[in-house]
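Peer 1: Have a look at the structure that comes next, please.
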Amino acid sequence: MTGLVSGAIGVEITLQRGQTSYRLPAMSAFEGKQIISVSYCNANNVPRTSSGKTVFPLSSDRLELCLSDIHSGMKRKYSVADIENRLDQLPFNQTIDFRNSELVLINPDNPDIWHDTTVYLIFWYGINADNSQFSKSIILPLEVTINSPKIFFQPPLSLQNTHPVQLMLTFPGFTPSGRKAIDRSSVSDKFITLAGKDKMLFSQIPAYYFCQSHLKTPWFLDLPSIDFEKSSIISLKDDFSEAEVLFFNLMCV
Amino acid sequence: MPHELQNIACFEITVPTGTNIISLGHVNLNDRLIQSVYLFSSTEDVMLFSPVSGKQVSALAETGPCAIYLNLTDSDNEQFVRDYSSGNFTIYSEMDHFVSWRINRKIDWKQSFLKTIIPDKASTLNLLMYIAFENVASMVLSGNVVAEKTVNLTPDNDIQDFYLDTFFPELTDKTITGINVSNQCNGYFDLHGQNNRLENVPAHFFAIKSSKGFQIAPMKIDLKKTCYLHRSFSRESFSITLSYLP
């Protein structure tokens, strides 16, 4: 996505045999928010949703997103394949009436393959802007050890009172302290929730979207602060006998 | 918007195995306003030789688990980059998997360093480090008509220098506004401008078509000194396009 992002929420829509049109769930967190981007999680990058459901395994060209603007009532159709694949990202700039918006399965062939699978969409809100380059920024390290299904960030003191503008996940072989870090193949079952002072801002976002170096357009945060002690990572793996370490860099101003 | 390059200095970095601190004290750019620092790595499919030593540039992704972290301290003695993972600032020879950044500070290179962790069973790494900096205000070109000339070249050696005055003689004394290359352009541009120097810049920098790409600042170039340095096993033909003010 482009622009300055102040929050994002993962939305799950589970498909059922015989049904081709699905209303998007009404979510109060989106009220009054300007959607600037939508991401489609394909089953290769995100095989299961944060709640553990199997992600829709077929091509995204079977799907269409029909979004209703809350002010004008106008409906606009988006090819989900375009959302997923277009090099120049689709522009979104609307406040969406989720109750009148829907996901449409335009090719319902082979229901045995897709029945009871889930389409996972991320709605990003904030303001459209050229990706800003922040002068006099600083870059800090952040290691997170995962040894249970849900862990909270363990921020070092150096992150207190920082104004974060970009959180970057990478896969170095070892962290600066010499611990072995996870590789990219192990990140598909991790989801990140970031909290602000008094509310969740980024909810259940696949960790994949924080690998900024692999994105066509790295994105920036538009937040006064992140409360890392209330922010968490969910891991869907079954065995926690060996801890995993994620390594981030945080750009702050 | 591509990142505009006014000047680039190139340094070959040798990274030994084990855990090491590699000082950047040899970087002689203390009074320059630094824009960015990048590492350059080969890939398994596009292996390049160094324009400095002629050695192969290591393919970082193929070396197994290893770690390189950048630490920078500015001229006001603030360590403003701590343990920045090379995964963010390494440009691979055929990909755009990196994060663009702007530093906009003068750096105390004696206090700056790379922290490296390379398993003992791996080989010593040979990488290139590029430091972009500014020295003059950029020329503004809005509304100017720009012309282009493209030449096709075919290398017949692993190491071969193509001086640009041979192929673009009519561009002598013209202001060059852009470089574009085809994908098989496996080498470097060594550019001598009137007030600028872009040292051994990978041609791949100019092949990146996403918003992370690079372009030269408009400048007059001494074409007699400026060359394209082919440094690879490839014998595939490639093209170079120069844009200029007619």
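The values are calculated or read from the model by the stated rules, or taken from the named source; none is laboratory data. Predicted model only: the values in this text are computed from it and were never measured. A quick note on method: Cβ atoms are made from the backbone with ideal geometry, for glycine too, and the neighbour counts reach across all protein chains shown. Heads up: the accessible areas ignore ligands, DNA and RNA and are worked out on the full protein's heavy atoms, side chains in. Shrake-Rupley method; radii C 1.70, N 1.55, O 1.52, S 1.80 Å.
Peer 1: For B:ALA217, list long-range residues whose amide hydrogen, built 1.01 Å from N in the peptide plane, is under 5 Å from its own amide hydrogen.
Peer 2: B:LEU5, B:GLN6
Peer 1: Sequence neighbours fewer than 8 away in the same chain don't count; with that in mind, list the lysines whose C-alpha is under 23 Å from B:LYS149.
Peer 2: Qualifying lysines at Cα under 23 Å: B:LYS174, B:LYS209, B:LYS220, B:LYS224, B:LYS225.
Peer 1: A further question on this structure: What Kirkwood Rh does chain A have if only Cα atoms enter the pairwise 1/r average? Answer in Å.
Peer 2: Every distinct Cα pair counted, the radius reaches 19.0 Å.
Peer 1: To make sure I understand the rule: partners must be aspartates and glutamates, Cα under 17 Å from the Cα of A:LYS75, and not fewer than 8 residues away in the same chain. Which ones qualify?
Peer 2: A:GLU64, A:ASP97, A:GLU102
Peer 1: Per residue of region B:210-223, what does 6.51 cos²θ - 1.76 cosθ + 1.60 with θ = phi - 60° give for ³J(HN,Hα)? Whole Hz please, x for Gly and Pro, Karplus curve as stated.
Peer 2: Once θ is set to phi - 60°, the couplings for region B:210-223 become 6, 5, 8, x, 10, 8, 6, 5, x, 7, 7, 10, 7, 5 Hz.
Peer 1: Shifting gears a bit: Carbon and sulfur atoms: what percent of the 1.4 Å accessible area of chain A do they account for?
Peer 2: 48 percent
Peer 1: Next question, about the same structure. Taking R0 as 30 Å, what FRET efficiency do you get between B:GLU94 and A:ASN128 from their Cβ-Cβ distance, rounded to the nearest 0.05?
Peer 2: 0.45
Peer 1: Kirkwood hydrodynamic radius (Cα pairs, Å) of the protein assembly as shown?
Peer 2: 24.6 Å
Peer 1: Another question, if that's okay. Debye calculation, C-alpha points only, no solvent: report log10 I(q)/I(0) for region B:1-60 at q = 0.13 Å⁻¹, in the same order as the q values.
Peer 2: Computed log10 I(q)/I(0) values: -0.48.
Peer 1: Still on this structure, I have one more. Could you name the lysines whose alpha carbon sits less than 23 Å from that of B:LYS110, not counting residues in the same chain fewer than 8 places away?
Peer 2: The qualifying lysines are A:LYS136.
Peer 1: While we're looking at this one, here's another question. For region B:83-99, state which residues have at least 30 Å² less accessible area in the presence of all protein chains than in their chain by itself, taking the probe as 1.4 Å and leaving out ligands, DNA and RNA.
Peer 2: Listed in order, they are B:ASP83, B:TYR84, B:SER85, B:ASN88, B:HIS97, B:VAL99.
Peer 1: Provide the FRET efficiency to the nearest 0.05 for the A:GLU242-A:LEU157 pair, computing r from the beta carbons and using R0 = 30 Å.
Peer 2: The computed FRET efficiency comes out at 0.60.
Peer 1: Here is a follow-up. With θ taken as phi - 60° and the coefficients 6.51, -1.76 and 1.60, list the Karplus ³J(HN,Hα) couplings across region A:240-245 in order, rounded to whole Hz; mark glycine and proline as x.
Peer 2: 10, 5, 10, 5, 10, 10
Peer 1: How far apart, in nanometres, would the label points at B:ALA61 and B:THR166 be if each is projected 7 angstrom from Cα along the Cα-to-Cβ direction?
Peer 2: According to this spin-label approximation, the distance is 3.3 nm.
Peer 1: Using R₀ = 41 Å, calculate the FRET efficiency as 1/(1 + (r/R₀)^6) where r is the Cβ-Cβ separation of A:ASP198 and B:GLU12; round to 0.05.
Peer 2: 0.20
Peer 1: If you don't mind, another one. Dividing the alpha-carbon radius of gyration of region A:4-127 by 2.2 N^0.38 Å (N being the number of residues), what value is obtained?
Peer 2: Normalised Rg, Cα atoms only: 1.01.
Peer 1: Is region A:138-252 rounded, prolate or oblate when judged by the Cα gyration tensor, a ≥ b ≥ c being the square roots of its eigenvalues, rounded requiring a/c under 1.5 and prolate requiring a/b larger than b/c?
Peer 2: rounded
Peer 1: Another question about this same structure. Binned at 10 Å from 0, what are the whole-percent values of the Cα-Cα distance distribution for region B:124-169, short to long?
Peer 2: Distribution as computed: 14, 23, 40, 20, 3 percent.
Peer 1: Applying the Karplus parametrisation 6.51 cos²θ - 1.76 cosθ + 1.60 with θ = phi - 60° to the phi angles of region B:164-170, what ³J(HN,Hα) value in whole Hz is obtained for each residue in order, glycine and proline being reported as x?
Peer 2: Result, rounded to whole Hz: 6, 5, 5, 9, 10, x, 6.
Peer 1: Counting other Cβ atoms within 10 Å, keep those with at most 13, restrict to DSSP loop, and tell me which trypsin sites (Lys or Arg not before Pro) in region A:3-59 are left.
Peer 2: Those that pass, being in a loop and sparsely packed, are A:ARG17.
Peer 1: Turning to a different aspect of this structure: Using only protein heavy atoms and a 1.4 angstrom probe, determine the accessible area buried between B and A, summed over both sides, in Å² to the nearest 100.
Peer 2: 2300 Å²
Peer 1: Taking 18 Å as the cut-off for C-alpha to C-alpha distance, list the pairs among A:LYS180/B:LYS115; A:LYS180/A:LYS216; A:LYS53/A:LYS237; A:LYS190/A:LYS216; A:LYS33/A:LYS190 that go past it.
Peer 2: A:LYS180/A:LYS216; A:LYS190/A:LYS216; A:LYS33/A:LYS190
Peer 1: While we're looking at this one, here's another question. I'd like the per residue volume of the convex hull spanned by the Cα atoms of chain B, given in cubic angstrom.
Peer 2: 117 Å³
Peer 1: Grab the Cα-Cα distance for B:ASN28 and B:VAL140, subtract it from 0.36 nm times how many residues apart they are, and report the gain in nm with one decimal.
Peer 2: The B:ASN28-B:VAL140 span can extend by a further 37.4 nm.
Peer 1: For region B:7-134, what is the largest minus smallest coordinate of the Cα atoms on each principal axis, given in angstrom and ordered from greatest to least?
Peer 2: 40, 29, 26
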